Amino acid sequence: MKIIIVGCGKVGETLVADLCHEGHDITVVDKEDAVVDLVCDRYDVMGFAGNGASYPVLMDADIENADLVIAATGHDELNLLVCLIARKAGHCQTIARVRNPEYNQEGHFLKEELGLALVLNQEYASAQEIARVLKFPTAIEINTFAKGKVDLLHFRIPQESILDGITLYELHEKLKCDVLVCTQEREGQMIIPNGNSILRSGDVISIVATSEEQAAFFRKIGLKTNSVRKVMIIGGGEISFYLAKMLLRVGIQVKIVEKDLKRCETLAELLPHATIIHGEGSDRDLLNEEGIAQVEGFVALSSIDEENMILSLYAKAAGVRKIVTKVDRVVFEEVFDQLNLDTMISPKKITAEQILQYVRAMQNSYGSNIETLHRMMDDQAEALEFLIRDNFGHVAIPLKDLRIKKGVLAACINRNGKILIPRGGDVILPGDTVIVITSLKGMNDIEDIFQN
Amino acid sequence: MNFPMIGRTLGYMILFEAAFMSPAALTAAFYREKSVIWLFVSMVICIVTGLLLVLLIKPKQKRIYAREGSVICALVWFLYSFIGALPFRLSGYIPNMIDAVFETASGFTTTGASILTDVEALPHWLLFWRSFTHWVGGMGILVFVMAIIPLAAGGSTMFLMKAESPGPSVKKMVPKAGQTAGLLYRMYFVLTLSELGILIASKMPIFDSLCLTFGTAGTGGFAVLNSGCAGYPVDQQVILTIFMILFGTNFSAYYLIVTGHAKDVLKISEVTTYFAIIAGAICLITLNISGMYPNLGLAIKDAAFQVGSIITTTGFSTADFNLWPSFAKWILILLMFCGACAGSTGGGMKVSRIQVAVKTVIKELDNAIHPNNIRKIKYDGKVLDHAVLRGINVFIVSYFLVLGASVALISIENMDLETNFTAVVATLNNIGPGLSKVGPAANFSAYGPFATCVLIFDMIAGRLEILPVLVLFSAHTWKDGEFLGPSFGKERRKSKDQDFADDLMI
C-alpha cells in the first residue's frame with residue numbers, strides 16, 4: 001500500500017519502521033527538516049518537510065495516489081485536520097491519532113460522517129494493559145485473542161520450578177494439562193520450541209490455554225495465581241486515573257501518590273474509594289510510611305522514565321510481587337531487560353501497535369485475513385489471528401500432514417467460540433479463526449504459513 | 001567500518017561488470033573478430049573474483065552508514081576502471097596498463113578523454129565496450145544495480161545513492177530507493193532508444209549510431225572515427241546536439257512530463273537557466289566565430305554543437321575549437337566549469353550549484369551594505385536549508401583545491417600552462433577534450449604515467465563530486481572506525497576495577 005505518515009515523533013517512527021519492514025511504500029511528512037532527514041536516512045522512505053495539514057505539502061507527498069494517511073502528530077486537532085484535508089484531496093483511508101478523551105463521544109460521528117478511523121486515547125489503552133497484567137501477576141505480558149476468550153500468557157519460569165530441565169514432551173505427560181508452549185526466550189534470544197526443547201529456570205515462555213486449564217497448570221507448577229489485592233501507583237496522571245477505576249471495580253485497593261495538590265484533590269473527588277497521598281513519589285520515607293512492603297502491586301507512572309525505573313527497583317528490593325514500569329523512550333531495551341523488572345509499558349508503543357492493527361485490518365479488504373496482531377518479545381515474534389475463508393486450500397487436512405514453515409506454530413483454533421489447543425490430528429475448517437505464533441515477519445494470510 | 005559488507009557489495013558489483021561486458025561479445029560475434037577471446041578472459045576473471053567475494057564473505061551486520069556508502073561508491077568506481085581496462089590491456093591494443101585504466105576510467109566517468117592516437121585501429125568489440133562504459137557510467141553503476149537487487153539493509157541504500165548521484169541534494173521520486181533507481185533507468189532507457197532509432201533512421205551506420213548513442217546518453221564523448229563527429233552529415237550533427245542537451249537536463253523534468261505535470265517543468269529554475277545559458281553561449285560564440293565561416297548557418301551549427309557538447313560535458317567535437325578566437329574559447333572553458341543540470345548524466349559543477357553560489361554572493365553583498373538585514377536564500381520557491389548551502393560551499397572549495405593541486409602535480413611534466421590547466425579542467429569536469437595539446441584534434445597520450453594517474457583520480461573525483469573520493473583517501477575513514485558499544489565500555493571499566501584492586505593490595 002502507499003501510505004503517508006504525518007508526524008514523525010516516537011509513534012510515527014515506530015510506524016515507519018514496522019510498515020517499511022512489511023514492504024509498504026511510505027512517505028513521511030514532518031514540520032522539522034532534521035527529523036525528516038533522519039528518518040529518510042534510517043529507512044527506505046521518502047520525506048517532505050512541512051505542515052502536513054497544508055494542501056500543497058500533501059500534494060507533494062502524492063496524496064492523490066495514496067491508499068492510507070496516518071496522522072500521528074502530538075496534536076489531536078492537527079491530526080483531525082490532516083485527515084479531513086486528506087479525505088478531500090485524495091481517495092484514501094485515514095487514521096488519526098487522538099488522545100483527548102473528549103473526542104471519544106464524537107468518535108461515532110467522526111467515523112461515520114467524516115470517514116475517519118480514530119485511534120483513541122493511549123492513556124486508556126495503557127491502563128487496560130496494566131490492569132490486565134495486575135490481575136494476573138505471574139505474567140509479564142498478556143495478549144488476548146478470539147475476542148477475549150484466549151490469553152497468550154508470558155511468564156518467567158521461577159528458580160527451582162519443576163519445569164526446570166524438562167522437555168516439552170515430558171511436560172505434557174507429567175502435568176496432564178492441555179497447554180501449549182508457544183515461545184521460549186533465553187538471554188534475549190527467542191525461539192519457537194518443539195517437543196525436544198528443554199525448559200530452564202529464568203526462561204520467559206508464553207503459553208496458550210483456556211482459563212480453566214491455565215489455573216490448573218499454574219497450580220501444578222506451583223506458581224501463585226491469586227491476583228493482587230493492594231496496588232500502589234506513583235504519579236496521578238490520566239493513566240493512573242483510568243487504571244485506578246478499573247482496579248477498584250474488581251475490588252483491588254488502590255493507593256495513588258501524587259505530588260501536585262490540586263491534582264490530588266481532583267483525583268480524590270473522582271475516585272472516592274482510592275487512597276490519594278499527596279507527596280513526592282521518590283521520597284523513600286513516604287513510600288515506607290505508606291507501606292510499600294505490604295502491597296502486592298507497584299505501578300510507576302511518573303513522567304520521568306529514569307525515576308520510574310529507580311522506583312521500580314526499590315519496590316523490587318522491598319519485595320513487591322508485581323511491578324509495572326512506564327517507560328516512554330524505549331531505546332535501550334536490553335538494559336531494561338537486565339534490570340529484571342517484569343513488565344514495561346510504553347504508551348507510545350501501545351498507540352503505534354493500535355494503529356498497526358488498524359492498518360492490518362484495513363489490508364483485510366485488500367485480501368488479507370488478519371483479525372488480530374500482537375508483537376511479542378521485543379518484536380522478535382508475532383502472534384496473529386487469521387480468519388479462515390471458504391476458499392482456504394487446506395480444509396480438513398490433519399495438521400501433522402500439513403507442511404508448515406519452520407518458525408511457525410499454530411497455537412489455537414477457535415471454532416464457533418470453542419477453543420481448541422491443536423494437536424497433530426486436528427484440522428482447520430472454514431469459519432475458524434486460527435492463532436499463529438511466528439518469528440517470521442510480514443505474514444498477511446493464513447496461506448503464508450505453509451511451505452510452497 | 002563494516003568491511004564484510006563492503007567486500008560483499010564489491011563482489012556483487014564485479015559480477016555485474018561481467019554482465020556489462022557481455023554485449024560487446026555479441027558485436028564480436030557479428031563482425032567475426034577473434035581477438036574477443038580476451039574479453040572472455042576478462043569476464044572469467046570478474047566472475048571468479050566476484051563469486052569468491054560474494055560466497056566467502058558473510059556479513060553479520062547488514063546495515064551500512066554514510067561512511068561505508070562513500071567508501072563503497074569510490075572503491076567501486078576505481079575497481080570498475082581497473083577491471084574494465086583488462087580487455088584493452090590483455091588484447092594488447094593498449095600496451096600500458098595505466099593508459100588502459102585511463103581509457104576505461106574516462107569511459108565510466110563519461111569523460112571521453114582518450115590516449116589513443118588511432119581509434120579506428122581498434123576492433124569493433126573493443127570500440128563497443130569503450131562506448132558502452134559511457135552508457136553504464138552515465139546514470140551510475142550503483143544506481144543501476146540498486147534497481148535490480150537490494151544491496152544493503154533497509155534505508156541504508158540511500159547512502160549509496162547519495163554518494164553516486166550528481167547534484168547538491170538527492171531527492172527520491174518514489175518512496176523506495178530501488179524503485180527510484182528503476183524509474184531513472186527506465187527514462188534513461190527510453191531516451192537512449194529514441195536517439196538510437198532517430199540516428200538509424202537518418203541513415204547512420206548501425207554500429208556508429210550505437211556507439212554515438214552511448215556517448216551522448218552518458219554524456220561521455222568517445223567517438224568511433226579519428227575525426228570525431230566532423231565526418232557525419234549536418235542533420236546527424238543536429239540530432240546529436242539536441243540529444244546531448246536533453247541528456248544534460250535534470251531527469252526530474254522528464255518524470256514530471258511522464259506523470260502529466262509538463263507545465264511544472266518550467267518551474268524548475270535549474271532547467272530554464274540551463275537552456276538560457278545554452279542559448280546565450282550559442283549567440284556569443286556565433287558572433288565571435290562568424291568571420292571564420294562562409295555562412296551564418298554553419299557557424300550557428302558548429303557553435304551550437306560545441307556549446308551543447310561542452311556544457312553537458314559530453315566532449316564530442318565537429319570543429320577544432322582550439323583554433324577559435326580566445327573569447328569563444330574562454331566561453332567554452334566557463335561552460336566546462338558550469339556543467340549540466342543536477343540529476344542528469346552530465347558532469348561539472350552543475351547549474352543549480354552555480355545558481356545558489358551566485359545567490360549567496362548577492363546576499364553577502366547585501367549584508368555588507370545593510371549589516372542587520374535578514375535574508376534567506378530561496379531556490380525554486382523554497383528556503384534553502386543551511387546544510388545544503390554548507391554542502392555547496394564545501395563542494396566548491398574542495399573542487400578548486402583538487403583543481404589547483406592536480407594542475408601543480410601534472411605541471412611537473414613540463415607541458416605548457418594552457419594544456420595542463422585545460423587537461424585538469426576537462427578531466428575533473430568529465431568533458432574530454434581540453435585546449436592546446438589536449439585539444440579536440442589531439443589526445444592525452446603525451447602525458448607520462450604519473451600525470452595519467454593524477455588525471456584518472458580527477459576523473460573519478462569529478463564524477464563522484466569530490467567528497468566520496470576524498471573520504472576514501474582520508475586516513476580518518478580507516479583509523480578510528482570501530483567503536484564497539486557496550487563491550488568497549490565494559491572492558492575499560494574492568495581494567496579500572498583491576499587497578500583499584502591492585503591499589504588496595506598495596
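The values are calculated or read from the model by the stated rules, or taken from the named source; none is laboratory data. From a predicted model like this one, the values you see are computed outputs, not experimental measurements. Note that each Cβ is placed from the backbone with ideal geometry, even for glycine, and that neighbours are counted across all protein chains shown.
How many residues, within segment A:267-277, are touching a strand residue (DSSP E or B) at 6+ places or on another chain (Cβ under 7 Å), outside any helix (DSSP H, G or I) and surrounded by fewer than 17 Cβ atoms within 10 Å (Cβ to Cβ)?
Going through segment A:267-277 one residue at a time, the tally reaches 1.
If I ask for residues that are closer than 19 Å to B:LEU335 by Cα, of a type in the set (A, V, I, L, M, F, W, C) and part of a loop (DSSP other than H, G, I, E, B), which ones from segment B:429-463 would you list?
Of everything in segment B:429-463, those that are closer than 19 Å to B:LEU335 by Cα, of a type in the set (A, V, I, L, M, F, W, C) and part of a loop (DSSP other than H, G, I, E, B) turn out to be B:ILE431, B:LEU435.
Might you check whether a residue that is surrounded by 23 or more Cβ atoms within 10 Å (Cβ to Cβ), hydrophobic (A, V, I, L, M, F, W, C) and under 21 Å from the mean Cα position of the chain (by Cα) occurs anywhere in segment B:185-204?
no
Give me the residue from segment A:6-33 that is among the small types (Gly, Ala, Ser) and buried (at least 24 other Cβ atoms within 10 Å of the Cβ) and, out of that set, farthest from the other protein chains (Cβ to nearest Cβ).
A:GLY7
Which of the residues belonging to segment A:49-61 are in contact with a helix residue (DSSP H, G or I) (Cβ under 6 Å, 6 or more places away or on another chain) and either modelled with pLDDT under 85 or facing another protein chain (nearest Cβ under 10 Å) (or both)?
A:ALA49, A:GLY50
Considering (1) farther than 22 Å from A:GLY442 by Cβ; (2) in a strand (DSSP E or B); (3) within 14 Å of chain B (Cβ to nearest Cβ), say which one A:ILE3 fails and leave the rest.
(1)
Kindly indicate whether any position in segment A:1-15 is acidic (Asp, Glu) and out of contact with any helix residue (DSSP H, G or I) (no Cβ under 9 Å at 6 or more places or on another chain).
So far as segment A:1-15 goes, no, none of its residues is acidic (Asp, Glu) and out of contact with any helix residue (DSSP H, G or I) (no Cβ under 9 Å at 6 or more places or on another chain).
May I ask you to verify whether B:TYR254 is assigned to a loop (DSSP other than H, G, I, E, B) and surrounded by 14 or more Cβ atoms within 10 Å (Cβ to Cβ)?
So B:TYR254 does not fit the description; no.
Working only within segment A:299-327, note down all residues that are touching a residue at least 40 places away in the same chain (Cβ under 8 Å) and exposed (fewer than 15 other Cβ atoms within 10 Å of the Cβ).
Passing the criteria: only A:SER303.
Taking segment A:376-386 as the search range and keeping residues that are surrounded by 18 or more Cβ atoms within 10 Å (Cβ to Cβ) and modelled with pLDDT of 70 or more, which one is farthest from A:PRO158 (Cα to Cα)?
Restricting to residues being surrounded by 18 or more Cβ atoms within 10 Å (Cβ to Cβ) and modelled with pLDDT of 70 or more, the top hit is A:PHE386.
Within segment B:198-220, restricting attention to residues that are within 23 Å of B:MET349 (Cα to Cα) and in a helix (DSSP H, G or I), which residue is farthest from the other protein chains (Cβ to nearest Cβ)?
Here the residue is B:GLY215.
Would you please name the residue that is farthest from the chain's Cα centre (by Cα), looking only at residues in segment A:299-333 that are within 22 Å of A:VAL11 (Cβ to Cβ) and charged (D, E, K, R)?
Restricting to residues being within 22 Å of A:VAL11 (Cβ to Cβ) and charged (D, E, K, R), the top hit is A:GLU306.
State whether one or more residues within segment B:188-197 are within 14 Å of chain A (Cβ to nearest Cβ) and out of contact with any Phe, Trp or Tyr (no Cβ under 8 Å at 6 or more places or on another chain).
Among the residues of segment B:188-197, not one is within 14 Å of chain A (Cβ to nearest Cβ) and out of contact with any Phe, Trp or Tyr (no Cβ under 8 Å at 6 or more places or on another chain), which makes the answer no.
Which residue out of A:VAL436, A:VAL335, A:VAL408 is without any contact (Cβ under 8 Å) to a residue 12 or more places away in the chain, among the hydrophobic types (A, V, I, L, M, F, W, C) and closer than 26 Å to A:GLN184 by Cβ?
Selected residue: A:VAL335, the only one of A:VAL436, A:VAL335, A:VAL408 that is without any contact (Cβ under 8 Å) to a residue 12 or more places away in the chain, among the hydrophobic types (A, V, I, L, M, F, W, C) and closer than 26 Å to A:GLN184 by Cβ.
Within segment B:352-379, restricting attention to residues that are within 25 Å of B:ILE277 (Cα to Cα) and touching an Asp or Glu at 6+ places or on another chain (Cβ under 8 Å), which residue is surrounded by the fewest Cβ atoms within 10 Å (Cβ to Cβ)?
B:GLN355
Out of all the residues in segment B:221-250, which are of a type in the set (Phe, Trp, Tyr) and not in a helix (DSSP H, G or I)?
Hits for segment B:221-250 are B:PHE222, B:TYR232.
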